[in-house]
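Here is the structure we will look at.
Nothing in this text is a laboratory measurement; each read-out follows from the coordinates by a stated rule. Quick caveat, the model's predicted, so the values are computed rather than measured. Ideal geometry is used to build each Cβ from the backbone, glycine not excepted, and the neighbour counts take in all protein chains shown.
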Amino acid sequence: AYEGRPLVGHNRPVSGDFFPALALQPHLGRLLQPADDLPAAANAVVLSHRFWSRQLGANSAVIGRPLRVNDQSFTIVGVLPANFYGLIPGDAAELYTTLAKTALARTNARAWDLQMLARLAPGESTTS
């Protein structure tokens, strides 16, 4: 919910290293970072460009505003670039929160939706 108005969007919990590993730059605000995984960090959410445009009217004033995601309060910290559509074609994710701050990911032992992503270090190859 945003300003008391219910919204629908698919949330993807990710680690704070997710966006830095992809070397993405935000369209607006900032993206999640490793510090967002720390227990003392505030709950942060990053919006897809399409969610921001469609649901929030592409309003740049949303940065710093609260957004309730599954009954948890998060602060909108950034908007993804318009050309980021997720990792796979057809990815429906529109909201990104950290795994550490997403209640369902922390409390549901039957959550099987964790995916791993790795990137080779500069100068490394797959033919060692």
Shape box of region 1-103 [Cα atoms, principal axes, largest first, Å]:
31, 30, 23
Where a ≥ b ≥ c are the square roots of the eigenvalues of the C-alpha gyration tensor, would you call region 56-97 rounded, which needs a/c under 1.5, or, failing that, prolate if a/b is larger than b/c, or oblate?
oblate
Test of understanding: what is the full-extension gain from Asp37 to Glu124, defined as 0.36 nm times their sequence separation minus their Cα-Cα distance?
28.6 nm
Place a +1 charge on the Cβ of each Lys and Arg in region 1-82 and a -1 charge on the Cβ of each Asp and Glu, then give the dipole magnitude about the Cα centre in debye, rounded to the nearest 20.
320
Percent antiparallel among DSSP beta bridges (both partners in region 1-96, rounded to 5):
55
Using square roots of five times the C-alpha gyration tensor eigenvalues, list the equivalent-ellipsoid semi-axes of region 26-84 in whole Å, biggest first.
19, 13, 9
